[in-house]
Amino acid sequence: MSTIATWTRRHRLTAFFGLAFVLSWWAWPLYAAGVDVVPFWPWGPLLAALVVIGVTDGRSGYRELLARMTRWRVGWRWWVVALGTPLAVLAVATIANVTIWHAPAPDIANMAWADIGLMFAFRFVDPLNGPLGEEPGWRAYAVPRLQRLWSPLRSACTLGVLVALWHVPLVATDRLAAVGIPVTFAITFVYVWLFNRTGGSGLMTMVFHVAQGTISYAALGFAYADATRMDWLTGALWCLIAVGLVTLDRKAWRSAPAAAVAPAPVAHAHV
């Protein structure tokens, strides 16, 4: 056990990413072999972060993670950005789908807003849903440690590749459109940018993630080809936003703010 702990302390990120994949993918081979199991578990990054912190940093690591996931004093503008950007992307894609491709216009007045509000709240506390399963791991844990080694740009590239690969079982089991893989890579830049601009707030990336997926295409009345087109439209918009952030806010990609960088690891941390 001490050998495993020593190795994990020396290779925190490798241990985290490896464990995140194992904890999310463990049932996929069984599913492919015909066993009736859920093939993908989105809580992998959350559990991986908790396990690696327990082995390497103990209470101080948990305090750091909790502080990032509850960092709400970031200024009201960033709350607007976190909540409004995903909704704006969805709105623009919807307008394009209706006006250009003549998809049926959503009946906004008769949408199940109470159910949507309940889903919004539920996604904050459900580890089997994307936001809570991913954000404490990918953003609150991994990004500060990647940025202790590399620039935000290189960190976002690395994380984007890994998170995109992590979603592969969803594509293989028809739970995610194939276009979701490159879009996941692109939107990772938006997440990292938001994380850094809010002083390392995992809460803001959590709010962003919750807002991004709460209103489904079905809730808007889209199905079949219209819903598939929405994947492409929203994906194209996220790619444009990512390119815009990298090209227009170049300073943000050179160095991360101190608040968004993990402290240097303490040798032989108490666990």
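Quick rundown of the values:
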{"read-out": "Scan of the range 19-49 for residues that are exposed (fewer than 14 other Cβ atoms within 10 Å of the Cβ), assigned to a helix (DSSP H, G or I) and within 25 Å of the chain's Cα centre (by Cα), ordered by number", "value": "Val22, Pro29"}
{"read-out": "Residue pairs meeting the criteria (Cβ under 6 Å; at least 6 apart or on separate chains; first farther than 10 Å from Phe222 by Cα, in the range 92-113; second modelled with pLDDT of 95 or more and exposed (fewer than 10 other Cβ atoms within 10 Å of the Cβ))", "value": "none"}
{"read-out": "Test: Leu245 is surrounded by 17 or more Cβ atoms within 10 Å (Cβ to Cβ), among the hydrophobic types (A, V, I, L, M, F, W, C) and over 26 Å from Leu146 (Cα atoms)", "value": "no"}
{"read-out": "Any hit, the range 151-171, residues being of a type outside the set (Ser, Thr, Tyr), under 21 Å from Leu23 (Cα atoms) and modelled with pLDDT under 95", "value": "no"}
{"read-out": "Every residue from the range 4-18 that is under 19 Å from the mean Cα position of the chain (by Cα) and aromatic (Phe, Trp, Tyr)", "value": "Phe16, Phe17"}
{"read-out": "Considering residues of the range 209-242 that are among the polar types (S, T, N, Q) and in a helix (DSSP H, G or I) only, the residue surrounded by the fewest Cβ atoms within 10 Å (Cβ to Cβ)", "value": "Thr228"}
{"read-out": "Single residue of the range 142-167 satisfying the filter (surrounded by 15 or more Cβ atoms within 10 Å (Cβ to Cβ) and of a type in the set (Val, Ile, Thr)) that is nearest to Trp238 (Cα to Cα)", "value": "Val163"}
{"read-out": "Which listed residue, of Leu170, Leu194, Leu132, is closer than 25 Å to Trp72 by Cα, touching a residue at least 40 places away in the same chain (Cβ under 8 Å) and either surrounded by fewer than 21 Cβ atoms within 10 Å (Cβ to Cβ) or more than 10 Å from the chain's Cα centre (by Cα) (or both)", "value": "Leu194"}
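The values are calculated or read from the model by the stated rules, or taken from the named source; none is laboratory data. Since the structure is predicted, the reported quantities are computational estimates derived from the model, not experimental observations. FYI the Cβ positions are ideal-geometry reconstructions off the backbone, even for glycines, and counts take in every protein chain you see.
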